[in-house]
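K.L.:
For reference, the structure I am asking about is given below.
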Amino acid sequence: MSRYQGKALASAGRVRNTASESPFQKPLRILLVMLVLLALAMVPWGDIRKSILVIDKIQVAGLRYLDEGRVRKRSGLKEGQDLLSLDLTRVRQLVLLEPRLESATVRRVGLRGVEIKVVERVPALAVEHGEPWEIDAEGVLLEPLQKGVVADVPMLVGPDFSNRRAGSLVQTPEVRRGLAWTAILSDNALRLAGQVSEVDVSDSRLTRLVLMNGVRVVGPAWPNGARQLSGLRATLADLSAKGMMPREVDVRFKDQIVVRGARPTGPTATTTTSRES
C-alpha cells in the first residue's frame, strides 16, 4: 500500500494558483495606494484643524471675589484657539500670576473644553498702602478689587506697605504678630474676630486691639493663648450685662483681667456726662 502523503500535489496546486494570478493585479494595487495617498494629500487638513480641533468652551470654577473675565484674561485662553497646541502647564502658570489666587488647576473637559479651577486668597487684615490694601493669612499683599473697597477685616496698624507690590510675601515680625492675633481671634470658641476693628503692632513690647465699640484691649506682643482671651470675652459680656463699658481692658497678665475706666452705657451715661460738663 502506498504511503504517499500528497505533498507534491499540494505544491503543484500552489504553483498553478500563483500562475493563474493576473500580471496586472500588483500594479493595480500599487496604483490604488498612490491614489489614496494623493486624495489624502488634497484634503484641507489645515482648515479642518482650524474649524474642528479648537477650544469651544472655557469654564472657571472656585471664584468668590474675582470675576471670571479676569481669570480668563490671565490664562490667555480664547474660544477658537488651536486645541493641539494647548499647553496646560503654561496656562496654569499664567493664571497663578494673578496675586489674589492661591492655587489653580487646568484640565481638558470633554472633547474641546478647558476647565480652570482656582482657590482664591482670603483677606485676613487690611493694611496701609497709601490707601487700604489687604493681606491674606500667609502675608501675601493683595490689591483691592475696587479702589478704596476692602474686605470687612481688622486694620493692621504699624507696618507701612507703600513700597510693596501686589503679590509680595511680607513676613516681617510685625506682620507675623498681627496675623497671629488674627488667627487666635478667629477661634470659633472665642467669637471675637468680628468685634475687632484694629490690631496695632507699632509697639514691639505689646499689641493693642481696638474693638468695634471703641474699647481698647492691651495684650502682650504675641497672643498668650485662648484661655486669657476667653476671659476677655467673659469680662466684656459681664460688663455689658451690668450696663457698663470699659475704656480699656488689659490682658497681659496671666489669669488676670484688668479693667480701666468702666462707665455706664445708655441714658445714665449721657446724664452723667452732661453733669460733668
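Values quoted throughout were computed directly from the atomic coordinates according to the rules given, and no laboratory measurement underlies them. All values derive from a computational prediction rather than experimental measurement. Cβ sites come from the backbone with ideal geometry, for glycine too, and all protein chains shown count toward neighbours.
K.L.:
Within 10 Å of each candidate Cβ there may be at most 12 other Cβ atoms; applying that plus a DSSP loop requirement, which trypsin sites (Lys or Arg not before Pro) in the range 219-264 survive?
P.N.:
Within the range 219-264, the qualifying trypsin sites (Lys or Arg not before Pro) (loop, at most 12 other Cβ atoms within 10 Å) are Lys242, Arg247, Lys254.
K.L.:
Starting from the Cα of Lys117, draw a straight line to each of the aspartates and glutamates and keep only those under 12 Å, dropping any in the same chain fewer than 8 residues away.
P.N.:
Those aspartates and glutamates meeting the cut-off are Glu68, Glu102.
K.L.:
Could you work out the relative contact order of the range 123-270, using alpha carbon pairs under 8 angstrom and six or more residues apart, expressed as a whole percent?
P.N.:
That works out to 15 percent.
K.L.:
A follow-up question, please. Can you put Val71, Val140 in order, fewest other beta carbons within 10 Å first?
P.N.:
Fewest-to-most Cβ neighbours within 10 Å comes out as Val140, Val71.
K.L.:
Work out the length of the dipole vector of the range 123-270 about its Cα centre, built from +1 on the beta-carbon of each Lys and Arg and -1 on the beta-carbon of each Asp and Glu, and round it to the nearest 20 debye.
P.N.:
580 debye
K.L.:
Once you have the Cα-Cα distance between Val149 and Arg64, take 0.36 nm times their residue separation minus that, and quote the gain in nm to one decimal.
P.N.:
29.0 nm
K.L.:
OK, next. So, in Å, what gap is there between the alpha-carbon centers of the range 212-236 and the range 127-185?
P.N.:
So the separation of the two Cα centres works out to 21 Å.
K.L.:
A follow-up question, please. The range 67-138: which trypsin sites (Lys or Arg not before Pro) are DSSP loop and have at most 12 other beta-carbon atoms within 10 angstrom?
P.N.:
Of the trypsin sites (Lys or Arg not before Pro), the ones in loops of the range 67-138 whose Cβ has at most 12 other Cβ atoms within 10 Å are Lys78.
K.L.:
Starting from the range 144-215, pick out the trypsin sites (Lys or Arg not before Pro) whose DSSP state is loop and whose Cβ has at most 16 other Cβ atoms within 10 Å.
P.N.:
Answer by residue number: Lys147, Arg164, Arg165, Arg191, Arg205.
K.L.:
Continuing with the same structure: What is the range 38-192's relative contact order, in percent, from Cα pairs under 8 angstrom and six or more apart in sequence?
P.N.:
18 percent
K.L.:
Also, quick follow-up: Treating only the Cβ atoms of Lys and Arg (+1) and Asp and Glu (-1) as charged, compute the dipole magnitude of the range 50-120 about its Cα centre; round to the nearest 20 debye.
P.N.:
Roughly 60 debye, rounded to the nearest 20.
K.L.:
For the pair Ala189 and Asp255, what calculated FRET efficiency results from E = 1/(1 + (r/R0)^6), where r is the Cβ-Cβ distance and R0 = 22 Å, to the nearest 0.05?
P.N.:
Using R0 = 22 Å, I get an efficiency of 0.75.
K.L.:
Projecting each Cα onto the charge dipole of the range 106-190 (Lys/Arg +1, Asp/Glu -1 at the beta carbon, about the Cα centre), which of Ile184, Gly113, Pro132 comes out farthest on the positive side?
P.N.:
Of the options given, the answer is Gly113.
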